[in-house]
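No lab work stands behind these numbers, since they all come straight from the coordinates. Small disclaimer: the values here were computed from a predicted structure and weren't measured. Quick reminder, even Gly has a Cβ in these numbers, built from the backbone with ideal geometry, and neighbours come from all protein chains shown.
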Amino acid sequence: MIHTLLSILKRLAQSIDCFTEWTGRIIAWLTLVMMILTCTVVVMRYFLEIGSIALQESVTYMHAMVFLLGAAYTLKRGGHVRVDIFYQKFSPRNKALVDILGTLLFLIPVSLLILVFSWDYVANSWAVHEVSKETQGLPWVYLLKTLLLVMPVTMLLQGVAEIIKNLLFFFGLDGEHSGEQPEGMV
């Protein structure tokens, strides 16, 4: 029975990790697209004297996507900022415990708060199919605002995966501390 539960938990964590890795790698390519579009906007504006509100707004949309949809990927890769004055000196087992507690006490409650407080804001935007205030802007502001719901959901999912991996490690049941990244991975 316990072996089956451990197997299910490992597969759940691996599935979430796989989803996060896949989405993170796709989202990472948006930074290249953003750079190309920004250069295009600059060339159009300053050399060709042509402006495009929609093109400028698309860069803003991509910027939001990179940060909001890339947050779980960053968590998975251990890339979030830490105040590790003490943490860096802890053993991997103690680091796993700190990560479990941090996820339970901070990540999950904050993600739930963002989800709850953003719900009506996003719902109202969808109700009116909110569009850009600029006449030539993008007509999908409601989709952009939806990222405020997607981000905490992906963070919650990755938080669950991190808790599972750290619990398994802490109790000596599997692998390595989830915060330990192989060289060249971050």
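Secondary-structure-derived ellipticity at 222 nm for the chain, considering helices only, amounts to -23500 deg cm²/dmol, per-run term -39500 (n - 2.57) for DSSP H runs with n ≥ 4. Reachable lysines from Lys133, Cα under 28 Å, same-chain residues fewer than 8 places away excluded? Within the straight-line cut-off, Lys133 pairs with Lys145.
What is the sum of charges around Glu57, taking Lys and Arg as +1, Asp and Glu as -1, for the other residues whose C-beta is under 15 Å from the C-beta of Glu57? Don't jump to the answer; show the numbers that get you there.
Working: positive: Arg45, Lys133, Lys145; negative: Glu130, Glu134.
After counting each charged neighbour, the total is +1.
When the charge dipole of the stretch 2-170 is built from unit charges on Cβ atoms (+1 for Lys and Arg, -1 for Asp and Glu) and taken about the Cα centre, the candidate among Gly51, Thr20, Met35 whose Cα reaches farthest toward its positive end is Thr20.
The Cα center of the stretch 73-116 and the Cα center of the stretch 156-170 differ in position by 10 Å. The loop-placed chymotrypsin sites (Phe, Trp or Tyr not before Pro) in the stretch 123-174, going by DSSP, that have at most 14 neighbouring Cβ atoms within 10 Å of their Cβ come out as Phe171.
Roughly how many debye, to the nearest 20, is the charge dipole of the chain about its Cα centre, given +1 on each Lys and Arg Cβ, -1 on each Asp and Glu Cβ, and no other charges? Spell out each step's value before the answer.
Details: 13 positive and 14 negative charges, 58 e Å.
Its charge dipole is roughly 280 debye.
How would the chain be classified by its alpha-carbon gyration tensor: rounded, prolate or oblate, with rounded meaning a/c under 1.5 and the a/b versus b/c comparison settling the rest? It is prolate, given that a/c is not under 1.5 and a/b is the larger ratio. Within the straight-line cut-off of under 28 Å between alpha carbons, the lysines reachable from Lys95 are Lys10, Lys76, Lys165, sequence neighbours fewer than 8 places apart in one chain being disregarded.
Count neighbours as other Cβ atoms within 10 Å of each site's Cβ, and list the GluC sites (Glu not before Pro) in the stretch 16-65 that are DSSP loop with at most 16 such neighbours.
Values: sites: Glu21, Glu49, Glu57; in loops: Glu49.
Answer by residue number: Glu49.
Suppose the chain between Ser132 and Glu21 were pulled fully straight at 0.36 nm per residue; how much longer would it get relative to their current alpha carbon spacing?
Fully extending the segment from Ser132 to Glu21 adds 36.8 nm.
Quick check on the stretch 40-124: take the gyration tensor over C-alpha atoms, sort the square-rooted eigenvalues as a ≥ b ≥ c, and tell me if it's rounded (a/c under 1.5), prolate or oblate. Oblate, since a/c reaches 1.5 and b/c is not below a/b.
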